[in-house]
Amino acid sequence: MENEIFTALLQIVTFFNQPANDEHILAAANAPRDPNLLPIIVRVGLQPHVRVGELASQLGKTHSSTSRQLTKFEKQGLIQTEAAEDDRRARTVILTATGQSLYDRITAVRAAKIHAVLANVPSDQQTVMLRSLQQIAELLPRVN
């Protein structure tokens, strides 16, 4: 059973990590087609004040590479970095109003796509799926 769960999770992760999917979402959201944009905007939108180092870890990139991308998006007016409240040496990231608007468009496009995929799945089954995914999300940090 564990192998089947892992295989299903890998299929989900693989789907969401495919650059072509991000390109379609960005195009539908009328956003710049930068392969680094969607993962950063979505993570910062979901985690306001995320630290640069934590964001880099989530993206599987170096701190330096992530900082360069953030600088680029900051110049575009999408994000803003500021010193962390508890450690002035660390920087956190938030969306600007323009970045929030982009995040909202991306979220709407993604929601429409998921709605279309789940259109023929009864709502009670959708609820079961949601609960199962939430339970897995809560358990995964315990792996390490």
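The values are calculated or read from the model by the stated rules, or taken from the named source; none is laboratory data. Computed from a predicted model, the values in this text were never measured in an experiment. A quick note on method: Cβ atoms are made from the backbone with ideal geometry, for glycine too, and the neighbour counts reach across all protein chains shown. For accessibility, only protein heavy atoms count, side chains too; no ligands or nucleic acids. Shrake-Rupley method; radii C 1.70, N 1.55, O 1.52, S 1.80 Å.
The table below gives the values:
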item: Output for region 70-84, where each listed residue is among the aliphatic types (A, V, I, L, M) and at pLDDT 95 or above; result: Leu70, Leu78, Ile79
item: Matching residues in region 85-122 - criterion: being among the hydroxyl-bearing types (Ser, Thr, Tyr) and modelled with pLDDT of 95 or more; result: Thr96, Thr98, Ser101, Tyr103, Thr107
item: Yes/no for Ala27 being exposed (fewer than 13 other Cβ atoms within 10 Å of the Cβ) and either part of a helix (DSSP H, G or I) or in contact (Cβ under 8 Å) with a residue 40 or more places away in the chain (or both); result: yes
item: Hey, Val128 of a type in the set (A, V, I, L, M), in a loop (DSSP other than H, G, I, E, B) and closer than 28 Å to Glu2 by Cα or not; result: no
item: Residue in region 92-107 that is nearest to Ala28 (Cα to Cα), counting only those that are touching a Leu at 6+ places or on another chain (Cβ under 8 Å) and in contact (Cβ under 8 Å) with a residue 24 or more places away in the chain; result: Ile106
item: Ala20 closer than 30 Å to Ala116 by Cβ and open to solvent by 20 Å² or more (accessible area, probe 1.4 Å); result: yes
item: Answer residue from region 78-98, given it is small (Gly, Ala, Ser) and exposed (fewer than 12 other Cβ atoms within 10 Å of the Cβ) and is nearest to the chain's Cα centre (by Cα) among those; result: Ala97
item: Residue in region 107-122 that is open to solvent by less than 70 Å² (accessible area, probe 1.4 Å), within 30 Å of Glu2 (Cβ to Cβ) and in a helix (DSSP H, G or I) present; result: yes
item: Of all residues making up region 30-62, the number that are out of contact with any Gly (no Cβ under 9 Å at 6 or more places or on another chain), buried (at least 16 other Cβ atoms within 10 Å of the Cβ) and within 15 Å of Ala108 (Cα to Cα); result: 3
item: Scan of region 30-48 for residues that are within 23 Å of Glu82 (Cα to Cα), aliphatic (A, V, I, L, M) and touching a residue at least 24 places away in the same chain (Cβ under 8 Å), ordered by number; result: Leu37, Leu38, Ile40, Ile41, Val42, Val44
